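Colleague: The structure that follows is given in the form of structure tokens.
The values are calculated or read from the model by the stated rules, or taken from the named source; none is laboratory data. Only a predicted model underlies this, so the values are computations on that prediction, with no experimental measurement involved. Backbone-built Cβ (ideal geometry, glycine too); neighbour counts: all protein chains shown.
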Amino acid sequence: MLALVVCGLSGAPVWLMAVLAAAAGAFLPPLGSVSRALWPRILRDEEPGLLATALALEGVLIELVFVAGPLLTALLSAVVDPAAALVLSPVLLLGGLGGFLAQPPVRTWVISEDAGSNGPLGALRSKGIQTLILVTLPMGFCFGAMEVALPAFTEAHGDRALAGVLVAVWSLGSAAGGVLYGARHWSGPAGRRYARLAALLPIGYLPLALAPSLGVMFALALLAGLCIAPTLTAGNQIAGDVAPSGAETEAYTWPITSLLVGLAIGNSSAGAIVEAVDWQAAVLACAASAALSALLATLRWRTLQPAGAPAYDAAL
């Protein structure tokens, strides 16, 4: 990141900065995967329902970061310089990483005796992990496309400055959904619950294409975000349940990777859709990709049950 800043200020070629940006992303520590693998260990002597609450709270914090991060970046870019935001990024990362590594659950981490015993496929041996990857990819496309569609909407309605606020409201909707999800004790098969939550996603995005004004879009974006954190939280809990022994941390990594790939594809595709058609077409693409996620989750929800779990009928 620091090399990227130096090259940017010195007028280095774009291809070199792209390589440095890719390297910075590649070496980001997988804190999310590690922390999610730690929660079952931390809460193993507590009530079973607390795991869903812990994962939901983590999801809420992530959503708040997505709200605060862009706002802080915009503030630093406007008041100081865009380079200041890029320099602050690794500083915050190192500070947070140091605090994380100092925690007792991390310092007392013991590698599983089954680590490395799952062959070249590792966590991918699990059909449940395969399903989570398949479902999360189009879900990520939806979220990535929305990050482009919402600013395009504000630009079409003559107030581009509200783009960041609209995206923040969408994220706040997700945070609120995460709080509600974590506050409830859930029972029944987690795979079925995951499929039901995924089915609600496209329902939330279709009305956005008909938003006539900024005021209406703010309300609809808030509602559209409600199911994001609950769906991702349910998926994270399932990843731990269906992971092969000794590959739990890797199991949490795959859905995150799938989500990020989907986000990247959604970002670029939505930009092309907005340029070629309009923001409404991009929103409809969001809803279509969310519908694909829901369909895959519905068809494959049985693979999301932990080994040895009781059989349930196929009706959702």
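Colleague: For region 176-185, which residues satisfy the criterion of being surrounded by fewer than 17 Cβ atoms within 10 Å (Cβ to Cβ) and either among the aromatic types (F, W, Y) or closer than 19 Å to N267 by Cβ (or both)?
Modeller: None - no residue of region 176-185 is surrounded by fewer than 17 Cβ atoms within 10 Å (Cβ to Cβ) and either among the aromatic types (F, W, Y) or closer than 19 Å to N267 by Cβ (or both), so the list stays empty.
Colleague: Taking region 151-175 as the search range and keeping residues that are of a type in the set (G, A, S) and either free of Cβ contacts under 8 Å to residues at least 60 places away in the same chain or closer than 22 Å to P230 by Cα (or both), which one is surrounded by the most Cβ atoms within 10 Å (Cβ to Cβ)?
Modeller: Once the filter is applied, the top-ranked residue is S174.
Colleague: State which residue is farthest from A291 (Cα to Cα) when the search covers only region 186-204 and only residues that are among the hydrophobic types (A, V, I, L, M, F, W, C) and buried (at least 19 other Cβ atoms within 10 Å of the Cβ).
Modeller: Taking region 186-204 and keeping what is among the hydrophobic types (A, V, I, L, M, F, W, C), we get 186, 190, 195, 197-201, 203.
Pick out the ones that are also buried (at least 19 other Cβ atoms within 10 Å of the Cβ) and you get 190, 195, 197-199, 201.
Values: A190: 19, A195: 11, L197: 11, A198: 8, A199: 7, L201: 7 Å.
Looking at the filtered set, the residue picked out is A190.
Colleague: Same structure again: How about region 1-37: which of its residues are more than 19 Å from P82 (Cβ to Cβ) and either among the aromatic types (F, W, Y) or not in a helix (DSSP H, G or I) (or both)?
Modeller: Matches in region 1-37: W15, F27, L28, P29, P30.
Colleague: For V179, indicate whether it is more than 20 Å from A294 (Cβ to Cβ), in contact with a helix residue (DSSP H, G or I) (Cβ under 7 Å, 6 or more places away or on another chain) and assigned to a helix (DSSP H, G or I).
Modeller: Judged against the criteria, V179 is a match.
Colleague: Just give me the residues in region 1-16 being under 28 Å from the mean Cα position of the chain (by Cα) and in contact (Cβ under 8 Å) with a residue 24 or more places away in the chain, in sequence order.
Modeller: M1, L2, L4, V5
Colleague: Please find, within region 293-316, the residue that is nearest to S126 (Cα to Cα) out of those that are at pLDDT below 75, out of contact with any Pro (no Cβ under 9 Å at 6 or more places or on another chain) and of a type in the set (A, V, I, L, M, F, W, C).
Modeller: Going through the qualifying residues, I end up with A307.
Colleague: Return a yes/no flag: does region 231-239 have any residue that is under 18 Å from P151 (Cβ atoms) and either buried (at least 21 other Cβ atoms within 10 Å of the Cβ) or at pLDDT below 90 (or both).
Modeller: No: zero hits.
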